[in-house]
Amino acid sequence: MKKHFEITIKFDWCKKCGICYYVCPTGALEKGAMAEPVIANIDKCVGCSMCENLCPDFAIDVKEKDTEKRGVKVGN
Ligand code: SF4
Ligand code: SF4
């Protein structure tokens, strides 16, 4: 089952350094007109958290959406 993710960008904290969209391996994040990160295609996000982990300003959160996890057995 495909997992879905939610990305939150705190633009107050973002300094538009571009790290997040340069490291994003799937193109889910792209460079905006003012060099800000844009969530270009959330369906492409694979939840690798590279953007979140490498953002120097802690401006990105990646969370798995749990809507499709319901009914899926986790653990034993
Ligand atoms: S890595 Fe962080 S500070 Fe840099 S552009 Fe992305 S969200 Fe903004
Ligand atoms: S979690 Fe990974 S795939 Fe998703 S937007 Fe961030 S870098 Fe791209």
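Sum up the charges of everything whose Cβ sits under 15 Å from the Cβ of C14, counting Lys and Arg as +1 and Asp and Glu as -1, but leave C14 out. So the surrounding residues net to -2. In terms of surrounding Cβ atoms within a 10 Å radius of their Cβ, D61, D66 rank from fewest to most as D66, D61.
Residues of the chain were split at every exposed loop site, defined as chymotrypsin sites (Phe, Trp or Tyr not before Pro) in a DSSP loop with at most 15 other C-beta atoms within 10 angstrom, and the longest piece left, sites excluded, is 14-57.
Taking all C-alpha pairs of the range 5-63, those more than 17 Å from each other amount to 22 percent. Cβ-Cβ distance of D43 and K16, R₀ of 30 Å, FRET efficiency by 1/(1 + (r/R0)^6): the value works out to about 0.80.
Full extension of the segment from N53 to K3, taken as 0.36 nm per residue of separation minus the current Cα-Cα distance, would add 16.1 nm. Relative contact order for the chain: 40 percent, from Cα pairs under 8 Å spaced at least 6 residues apart, divided by residue count.
Here, each number is a calculation from the coordinates, and none is a lab measurement. Remember, predicted model here, so these are calculated numbers, not experimental data. Glycine gets a Cβ as well: all are built from the backbone with ideal geometry, and neighbour counts include every protein chain shown.
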